[in-house]
Each structure stands twice: as structure tokens, then as C-alpha cells.
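A.B. asks: This is the structure I have questions about; it appears just below.
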Amino acid sequence: MPEPATYVYCLVQSARAPALKGAPEGMPGAGRPRTLAVDRGVWAVVADAPLDRFSGDLLQQELQDIEAVSRHALAHASMIEFFFQRSPVIPVKLFTLFSQDERARRHLAGRGSKVRKMFERLRGLEEWGVRITASNRPPAAQRPGLSGTGAAPASGRSYLEVKKRLKDDDGAPSSATRREVGAAMKALGKLAAKSRTEDFPPPGRGRPYVTGASFLVKAKRRAAWKKRVSQLTASLAKQHHRLEVSGPWPPYHFVTDTKAAR
């Protein structure tokens, strides 16, 4: 059997080898996680990746299967998040493979200066994801003439006219909606060290206006961040908008194209 490849999950900054006790199993088909010394105080969390499961052709097949990709992505992320709870971490992209440990070590060590600067920049920070789904009008239960709670239209024709108008309203958000949503995102940005806007499909008939961003927040400001999120969630709900938040996460969106972050 050929020697297994080396699968890389993340880089960890630690004076000594990070403890592996309690770590998740990791990628389906890969070996148990282990550490690989990369540079002084920097370790890679890696695993053996048998080529009968991780060859290029097989990975291409896996990438065509949404469920398989999801399983691998969750396993990859769970490993990164385990170490993030204990030490500063730089996530590595899904399916990062090297033919052997030494190749992985040389490649990662060759980026030593950049890696050290990145650890310095990200120390004490955590990522939060925010998504706001906006509405130009109240939910159906509160719309006049379309439920038992509002005033009924005078005739069947009136009912159809109201229904058509509501359907035609689907699409571009009103200026008021944009202001409300924009103000909420700006308020959260003031509490963050950096933010990165996420891309969503443009609004259209039957498709709401959705916006969101990833925020890099100081861990010591987590309580203030969560309090502000709670306030904005309640305020937006009164305007029939929905704010969803996830985190804290490792800095997934802030370790690659640093020029895109602000």
C-alpha cells in the first residue's frame, strides 16, 4: 500500500504540542489527529489520509455529492473549533493535502513570517456571523384583508386587488427597509475589529432582501456584543425583519484575502 498523504486541519499557536485528548475523530476515512511541529511555537494539526480514500479522482467524486461534502466540512470544522477553544488558531481550507509530512512542514514553515503576523493580528478575536432577512410589510397574519385579525375587504374584487398588490410588492426593498437594515449592520460594525460583507442573491419576486456579514470581535467584548445583538434583534422584529447570529467561531473569513477585510 502507498504511504498515506498528510491532511491538514489548522495551525495552532502554542508553546508546546497542543493536547489531543478529547479531540473529535476528524475527517471520515482519515487517521486520528496528531500534531506536526512547523515553526517555533506553531503546530499543524494533521492526520494520515489513505490514498484509497483521498486521491484526486475520489475527491472530485466527493465534491459532486452535497451530502458527502457537508459531512467532510462539518468534520473539518469540528476539529478546528476544538483547538480554537484552547489556543489561537488559523483555519486551513477543506481538503488541504500534502504527499507527506515533510512537504507539509516545509510549505507551512516557508510562510512563517506571514503566519506569525496573522496570529498576532487575530489573537483574542473571534468571528460572528450575522444575517438579516428583511420584509417590506407585516407578516401575513397582520395584513389587512388576508387574515382574521385585519379588516376584511369590501368585496371579492377588493380581496384580489389587495392580494395582487402584496405579490407585486415582492422584490427590491424600500428605502426605509434599507435604512433600518443598514443602521443595524453599522451598529454591529462599531463593536467589531473588522467586518466582511457576505454576498447573497439579489431580491426578487418571492425572494426576500437578505444581507449579512462576518464580524471579528474581541473575545473580552463578547458580553457587550451579545447584548447589542439582542437589542437589534428585538428592534428589527418590530419592523418585521429577522436577525440571525451564529458564533463565536474561529476566524474563518479573515485568514485568506486580508485586503478584502476592513
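A.B. asks: Quick one: what pairs do we get from the range 39-62, first residue closer than 16 Å to ALA23 by Cβ, second assigned to a helix (DSSP H, G or I) and of a type in the set (Lys, Arg), C-beta under 9 Å, 6+ apart or different chains?
C.D. replies: From residues that are closer than 16 Å to ALA23 by Cβ, the pairs are ALA44/ARG105.
A.B. asks: Would you pick out the residues in the range 194-213 that are out of contact with any helix residue (DSSP H, G or I) (no Cβ under 7 Å at 6 or more places or on another chain) and assigned to a strand (DSSP E or B)?
C.D. replies: Step one: list which residues in the range 194-213 are out of contact with any helix residue (DSSP H, G or I) (no Cβ under 7 Å at 6 or more places or on another chain), which gives 197-208, 210, 212.
Passing the criteria: THR197, GLY204, ARG207, VAL210, GLY212.
A.B. asks: Where the second residue is part of a helix (DSSP H, G or I) and of a type in the set (Lys, Arg) and the first is more than 13 Å from VAL210 (Cα to Cα) and lies in the range 172-200, which pairs have Cβ atoms under 7 Å and are six or more apart or on separate chains?
C.D. replies: What qualifies is ALA187/ARG228; LEU188/ARG228; LEU191/ARG221; LEU191/ARG228.
A.B. asks: Give me the residue from the range 1-60 that is of a type in the set (A, V, I, L, M) and in a loop (DSSP other than H, G, I, E, B) and, out of that set, farthest from ARG116 (Cα to Cα). Before you say what the answer is, go through the steps one by one.
C.D. replies: Initial filter on the range 1-60 (of a type in the set (A, V, I, L, M)): 1, 5, 8, 11-12, 15, 17, 19-20, 23, 27, 30, 36-38, 42, 44-47, 49, 51, 58-59.
Narrowing the set further to residues that are in a loop (DSSP other than H, G, I, E, B) leaves 1, 15, 17, 19-20, 23, 27, 30.
Working: MET1: 37, ALA15: 13, ALA17: 17, ALA19: 21, LEU20: 23, ALA23: 24, MET27: 27, ALA30: 28 Å.
Only one residue tops the list, namely MET1.
A.B. asks: Same structure, new question: Which of the residues that make up the range 18-47 are of a type in the set (Gly, Ala, Ser), at pLDDT 95 or above and under 24 Å from GLU120 (Cα atoms)?
C.D. replies: ALA19, ALA37, ALA44
A.B. asks: I would also like to ask the following. Any chance the range 72-85 includes a residue that's surrounded by fewer than 14 Cβ atoms within 10 Å (Cβ to Cβ), in contact (Cβ under 8 Å) with a residue 12 or more places away in the chain and closer than 18 Å to GLU25 by Cα?
C.D. replies: Yes: the range 72-85 contains one or more residues that are surrounded by fewer than 14 Cβ atoms within 10 Å (Cβ to Cβ), in contact (Cβ under 8 Å) with a residue 12 or more places away in the chain and closer than 18 Å to GLU25 by Cα.
A.B. asks: Outside any strand (DSSP E or B), more than 23 Å from PHE119 (Cα to Cα) and of a type in the set (Ser, Thr, Tyr): which single residue out of SER70, SER87, SER78 fits that description?
C.D. replies: Values: SER87 fails: more than 23 Å from PHE119 (Cα to Cα); SER78 fails: more than 23 Å from PHE119 (Cα to Cα).
Step by step, each of SER70, SER87, SER78 is checked, and only SER70 is outside any strand (DSSP E or B), more than 23 Å from PHE119 (Cα to Cα) and of a type in the set (Ser, Thr, Tyr).
A.B. asks: Given the criterion at pLDDT 90 or above, assigned to a helix (DSSP H, G or I) and surrounded by 17 or more Cβ atoms within 10 Å (Cβ to Cβ), identify the matching residue among VAL115, VAL92, VAL130. Give the steps one after another, and end with the answer.
C.D. replies: On the way: VAL92 fails: assigned to a helix (DSSP H, G or I); VAL130 fails: assigned to a helix (DSSP H, G or I).
The unique qualifying residue is VAL115.
A.B. asks: Let me ask you something else. Taking the condition of being surrounded by 13 or more Cβ atoms within 10 Å (Cβ to Cβ) and either outside the structural domain of GLU81 (by TED's automatic domain parsing) or of a type outside the set (Ser, Thr, Tyr) (or both), how many residues in the range 18-36 meet it?
C.D. replies: Of the range 18-36, the ones surrounded by 13 or more Cβ atoms within 10 Å (Cβ to Cβ) are 18, 20, 23-27, 29-31, 33-36.
Going one step further and asking which of them are either outside the structural domain of GLU81 (by TED's automatic domain parsing) or of a type outside the set (Ser, Thr, Tyr) (or both), we end up with 18, 20, 23-27, 29-31, 33-34, 36.
Final tally of qualifying residues: 13.
A.B. asks: From LEU216, LEU191, grab the single residue that is within 30 Å of PHE119 (Cα to Cα), at pLDDT 90 or above and assigned to a loop (DSSP other than H, G, I, E, B).
C.D. replies: Values: LEU216 fails: assigned to a loop (DSSP other than H, G, I, E, B).
When all the criteria are applied, what remains is LEU191.
A.B. asks: Return yes when ALA234 is over 30 Å from GLN13 (Cα atoms), in a helix (DSSP H, G or I), outside the structural domain of MET79 (by TED's automatic domain parsing) and modelled with pLDDT of 95 or more and no when it is not. So that I can check it myself, show each step before the final result.
C.D. replies: On the way: over 30 Å from GLN13 (Cα atoms): yes; in a helix (DSSP H, G or I): yes; outside the structural domain of MET79 (by TED's automatic domain parsing): yes; modelled with pLDDT of 95 or more: yes.
Judged against the criteria, ALA234 is a match.
The values are calculated or read from the model by the stated rules, or taken from the named source; none is laboratory data. Being a predicted model, the structure only gives us computed values, none of them experimental. Positions of Cβ are generated from backbone atoms using ideal geometry, with glycine treated the same way; all protein chains shown enter the neighbour counts.
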